[in-house]
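Please treat every number below as a calculation from the coordinates, not as lab data. Small disclaimer: the values here were computed from a predicted structure and weren't measured. All Cβ positions, glycine included, derive from the backbone under ideal geometry; neighbour counts span all protein chains shown.
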Amino acid sequence: MELQDQSHLSDYDTTAPTSHDHGSTTSSTAALKLQKVYKSYRTRRKLADSAVVVEELWWQALDFARLNHSTISFFDYVKNETAASRWSRIRLNASRVGKGLSKDARAQKLAFQHWIEAIDPRHRYGHNLNLYYEEWCKGDAGQPFFYWLDVGDGKEVELKQCPRSRLRCECIRYLGPQEREHYEYIIVEGTIVHKLSGDLLDTNGGLEGSKWIFVMSTSKRLYAGQKKKGSFHHSSFLAGGATLAAGRLMVEGGKLRSVSAYSGHYRPTDGNLSSFLVFLKEHGVNLDGVQVCS
C-alpha cells in the first residue's frame, strides 16, 4: 500500500518553482521588451533618414527646375518672352552667384568664368564652359549662350581642348543645406574639429597627393573637404554662393600647418586671407609656425 501511494504521488510534479526559473523568465521578458524598443527606434531612425533624403532631393529638384527655366537651356527658344520675364531670369541668375553678398561687403563672389557654371542647371565645370563661351562670343548666333550650346547652332561644335564628352562628364557637385552640414568644421580649444562627429581634422588621412580645400561663408561658417577635379571644387560648398575666404589648407590632428588663398573659382585677395587668419586667431588657433601663402 505504501508503494502504491508513492507511485501515485510520482504522477504529480511536486517541485516548487526555483528563484533561478523566475529570474530566467524575467530576463526573457526584459530582452523581448528591449528588442521591441530597438526595432521601434530603428524604424524611426530609418524614417528620419528617409525624410532627410527626400528633403535634400526636393531642394535640388526645385533649384534645378528654376535654373533650368532661367537659363533657357532646354525650353523652346522661339517662344515669346516678356520683358518682365527676362528681368526675372536675370535677377535669379545674379542672386545665385551673389548669395551672401548682402551679409558682408568684403565677400567674394565667383569669378566671371565660373558664373556660367553656377547658373547652368547641370553645373558643368566653369573652365570647360568658358571655352565654349569664348567660341560663342566669336560669332553672331543671335541665340542665348546655353540655348546655342545645347540645342541651337552650337550643339555640334566640338573643341579639341575640351571635347563634348568631357563637357558632359565634368559636372560640379553643388551641396544642398543638409549635405553641407557634413563638411562643416568648428574650432574647439584651438583645434579644427568636425562639427557633427567631433573628429579632429587631419588632411593626411585621404588619398596620397590629395588637396584639401576650404571656404568660409559670409556667416563665418567653415567648410572643408578634398578637392576632386571636375566634380568637387570650392564652388561646391556654398552652391556657388559668396565667400569671405577660400583656399587650401593642411591640418594634422586638428592643428593648422599651412593655409593658402588659392582658389580659381573665387580668386580671393590678400585681404580675404588676412580676414580668415584674424578669424582663426580670435578662435584660439595658434598661428606660430603656420605656413601662409597668398
Collect the residues in the range 137-179 that are within 29 Å of residue 224 (Cα to Cα) and assigned to a loop (DSSP other than H, G, I, E, B), keeping them in residue-number order. 170, 172, 173, 174, 175, 176
What pairs come out if I take residues in the range 279-294 that are under 21 Å from residue 186 (Cβ atoms) and pair them with residues that are in a loop (DSSP other than H, G, I, E, B) whose C-beta lies under 8 Å away, six or more apart or interchain? 279/220; 280/287; 281/287; 283/190; 284/189; 284/190; 285/190; 286/190
In the set 184, 189, 170, which member is touching a residue at least 12 places away in the same chain (Cβ under 8 Å), surrounded by 15 or more Cβ atoms within 10 Å (Cβ to Cβ) and closer than 20 Å to residue 221 by Cβ? 184
